[in-house]
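A.B. asks: Can you keep this structure in mind? I'll have questions shortly.
The values are calculated or read from the model by the stated rules, or taken from the named source; none is laboratory data. Keep in mind the model is a prediction, meaning the values are calculated, not measured. Please note: Cβ atoms are built from the backbone with ideal geometry, for glycine as well, and neighbour counts cover all protein chains shown. To get the accessible areas, we keep the full protein, side chains included, count just its heavy atoms, and leave off ligands, DNA and RNA. Shrake-Rupley method; radii C 1.70, N 1.55, O 1.52, S 1.80 Å.
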Amino acid sequence: MPRPRSLTDAQLVGAALAVIDREGFTALTMRAVAKELGMATMGLYRYVADRQALEILVVDHVFRSVALALPEAHWADRVRVLMKRLRVEVAKHPAAVPLVLRHRQAAPGSLRLIDTMLAVLTDGGFAGADRVVAQRTLIGYLLGFLQNEYYAALSGPGTISMSELSAQEFPFLAATASDARSVSPDEEFDRGLDIVLRGLVAG
C-alpha cells in the first residue's frame, strides 16, 4: 500500500474517529487505523506508540475542541457554559465516551479545561479543599451524566422495563421510571447541573 510521507496528529485522529464512529471504540486498533489511512500497520508505529496512544489522541481532540474563552458572567454561569460545551463535543462522537472516561487525566486538552474550570471556581471564592471538592463534584457529575446518557438513558430499555414493574411491589420505582420517560436528556442535564451548582458554596 502507498504510505503517506508524513502524518499529522489531526490525520491520525481523523482516521481513529472514522473507525470509532463507524464500528465503535472496541474496533480501534493500529491495524484498523492504518487501513483507514491506506498504509501498512507497521508504518503507523512511526507516528504513534500503540493503541493507548491513539486513544489519548482522540480524547485530547475532544477536549481541545471545547472553546475555553468564557463570557463575563457569574462563576456558576461560566461553569455551566464549560460543561455544556464539553457535552456538545462528546456528542459528536458518542462511541468515544468510554475513552473519554478512561483517559481524561492523560489528555493535555482535558487538563487545560480543568485548569480553566479551577480558575472560574477561584473567581467564585473557592480555595483549598473547597476548590478541590467543588471541581471533583462537577467533573463527577459530568462524567456520570455522560455514562448515563449513552449507556443508561432515561429513554432506554432499562427505564422502560422499570416503568412496567408491578406498582404494588415497587410503587415508587415504577412511578418514577414512568415519569422519567418524559424527561429529555437536555432537561435532565440542565436541572441536574443546577442542583449541583446551587449546592456548591465557597467557604
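A.B. asks: Check Leu165, Leu143, Leu101 and return the single one that is open to solvent by 50 Å² or more (accessible area, probe 1.4 Å), touching a Leu at 6+ places or on another chain (Cβ under 7 Å) and either touching a residue at least 60 places away in the same chain (Cβ under 8 Å) or in a helix (DSSP H, G or I) (or both).
C.D. replies: On the way: Leu165 fails: either touching a residue at least 60 places away in the same chain (Cβ under 8 Å) or in a helix (DSSP H, G or I) (or both); Leu143 fails: open to solvent by 50 Å² or more (accessible area, probe 1.4 Å).
Selected residue: Leu101, the only one of Leu165, Leu143, Leu101 that is open to solvent by 50 Å² or more (accessible area, probe 1.4 Å), touching a Leu at 6+ places or on another chain (Cβ under 7 Å) and either touching a residue at least 60 places away in the same chain (Cβ under 8 Å) or in a helix (DSSP H, G or I) (or both).
A.B. asks: In the range 27-36, is there at least one residue being in contact with a helix residue (DSSP H, G or I) (Cβ under 7 Å, 6 or more places away or on another chain) and either assigned to a loop (DSSP other than H, G, I, E, B) or within 30 Å of Thr122 (Cα to Cα) (or both)?
C.D. replies: Yes, some residue in the range 27-36 is in contact with a helix residue (DSSP H, G or I) (Cβ under 7 Å, 6 or more places away or on another chain) and either assigned to a loop (DSSP other than H, G, I, E, B) or within 30 Å of Thr122 (Cα to Cα) (or both).
A.B. asks: Counting just the residues of the range 85-98 that are part of a helix (DSSP H, G or I) and either without any contact (Cβ under 8 Å) to a residue 40 or more places away in the chain or touching a Lys or Arg at 6+ places or on another chain (Cβ under 8 Å) (or both), which one comes out surrounded by the fewest Cβ atoms within 10 Å (Cβ to Cβ)? Can you show your working first?
C.D. replies: So the first thing to find is which residues in the range 85-98 are part of a helix (DSSP H, G or I), and the list is 85-91, 94-98.
Right, trim to either without any contact (Cβ under 8 Å) to a residue 40 or more places away in the chain or touching a Lys or Arg at 6+ places or on another chain (Cβ under 8 Å) (or both) and you get 85, 88-89, 91.
Numbers: Arg85: 16, Val88: 11, Glu89: 18, Ala91: 13.
Result: Val88.
Yes or no, residue by residue, for (1) assigned to a helix (DSSP H, G or I); (2) more than 21 Å from Ala67 (Cβ to Cβ):
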residue: Leu111; (1), (2): yes, no
residue: Val120; (1), (2): yes, no
residue: Asn148; (1), (2): yes, yes
residue: Ala153; (1), (2): no, yes
residue: Ala177; (1), (2): yes, yes
residue: Asp190; (1), (2): yes, no
residue: Arg198; (1), (2): yes, yes
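A.B. asks: Scanning the range 50-84 for residues that are outside any helix (DSSP H, G or I) and acidic (Asp, Glu), which turns out surrounded by the most Cβ atoms within 10 Å (Cβ to Cβ)?
C.D. replies: Once the filter is applied, the top-ranked residue is Asp50.
A.B. asks: So is Asp130 within 28 Å of Val66 (Cα to Cα), open to solvent by less than 70 Å² (accessible area, probe 1.4 Å) and outside any loop (DSSP other than H, G, I, E, B) or not?
C.D. replies: yes
A.B. asks: Does the range 168-200 hold any residues that are free of Cβ contacts under 8 Å to residues at least 60 places away in the same chain and either touching an Asp or Glu at 6+ places or on another chain (Cβ under 6 Å) or open to solvent by less than 40 Å² (accessible area, probe 1.4 Å) (or both), and which are they?
C.D. replies: Ala174, Ala177, Ala180, Pro185, Gly192, Val196 - these are the residues of the range 168-200 that are free of Cβ contacts under 8 Å to residues at least 60 places away in the same chain and either touching an Asp or Glu at 6+ places or on another chain (Cβ under 6 Å) or open to solvent by less than 40 Å² (accessible area, probe 1.4 Å) (or both).
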